[in-house]
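Read the structure below first, then the notes.
No value in this document is a laboratory result; all are computed from the given coordinates. Model, not experiment: these values are computed from the prediction. FYI the Cβ positions are ideal-geometry reconstructions off the backbone, even for glycines, and counts take in every protein chain you see.
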Ligand SMILES: [Ca+2]
Ligand SMILES: [Ca+2]
């Protein structure tokens, strides 16, 4: 098999050990995991004043989740995940659409960019009573022959699933789960529609706005003053 894997050599994230609402943290965990796989975007994420502001949480996905809640954004709503990440990094890093062709997802992977996607999973190999709406980070694809790598569809998609192994009812690690194309296409929203999928795609060329810098300065000022006051107290 010949693979593209944009997560190769990178740390895998699980939502199960999160401090904030782990059962419903697939969105923030998948977004932060994807961001961590893109060096330029990770730099923008960790340089943000919010990264320090929420540093009482050791895990980056909890920091992001806490910020979403402070900003009254719903971590299970795609538009809110987009607003949250873009506010955090200061530019339009996350572009969400409900009509992304899977060919475009492959093209992003070829450029080294993961894609965060949403699906309705019936449960595999054991079907669950009700399907599970879930968000995962798509990190690659694989083909049988090297010469096939330019073609579509791939044999398998490679997914970093924050909840666990998608192909074993989420038991065990969700790192680099191989999902056959037919199942992937059926489970990803819009389900059973070959052309349109829900996907967060990431942009790395950025221009932060003056407003963002001003906000960042105010956060820094507030944090610095509160630290100074604390030091004076002790
Ligand atoms: Ca975690
Ligand atoms: Ca991985």
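The three principal axes of the C-alpha atoms in the range 158-234 carry coordinate ranges of 61, 33, 18 Å, sorted with the longest axis first. In terms of overall dimensions, the range 1-51 has a Cα radius of gyration and Dmax of 12.8, 43 angstrom.
Between residue 203 and residue 74, the modelled label-to-label distance comes to 2.6 nm, taking each label 7 Å out from Cα in the direction of the beta carbon. Remark: spin-label model distance residue 120-residue 11 equals 3.6 nm, labels positioned 7 Å along the Cα→Cβ axis. Comparing mean-square fluctuations of 165, 107, 18 from a GNM of the chain with C-alpha springs under 10 Å, the top value falls on 107.
Taking the C-alpha atoms only, the angle from helix 60-70 to the longest principal axis of the chain is near 70 degrees.
When peptides 131-138, 217-224 are sorted by average Cβ neighbour count within 10 Å, with the highest value leading, the order is 131-138, 217-224.
The angle between the Cα long axis of helix 210-233 and the main principal axis of the chain comes to about 60°, on a 0 to 90 degree scale. Here the chain was treated as a single set of alpha-carbon atoms; its pair distances binned every 10 Å from 0 give 8, 32, 34, 17, 7, 2, 0 percent. Rounded to the nearest 10 degrees, the inclination of helix 26-36 to the longest alpha-carbon principal axis of the chain is 80 degrees.
Take the Cα of residue 129, step 7 Å toward its Cβ, do the same at residue 104, and the gap between the two points is 3.8 nm.
Expressed in Å, the radius of gyration and Dmax of the Cα atoms of the range 1-128 are 15.0, 45.
Whole angstrom only: what separates the Cα centroid of the range 117-134 from the Cα centroid of the range 9-75? Taking the Cα centre of the range 9-75 as reference, the centre of the range 117-134 is 24 Å away.
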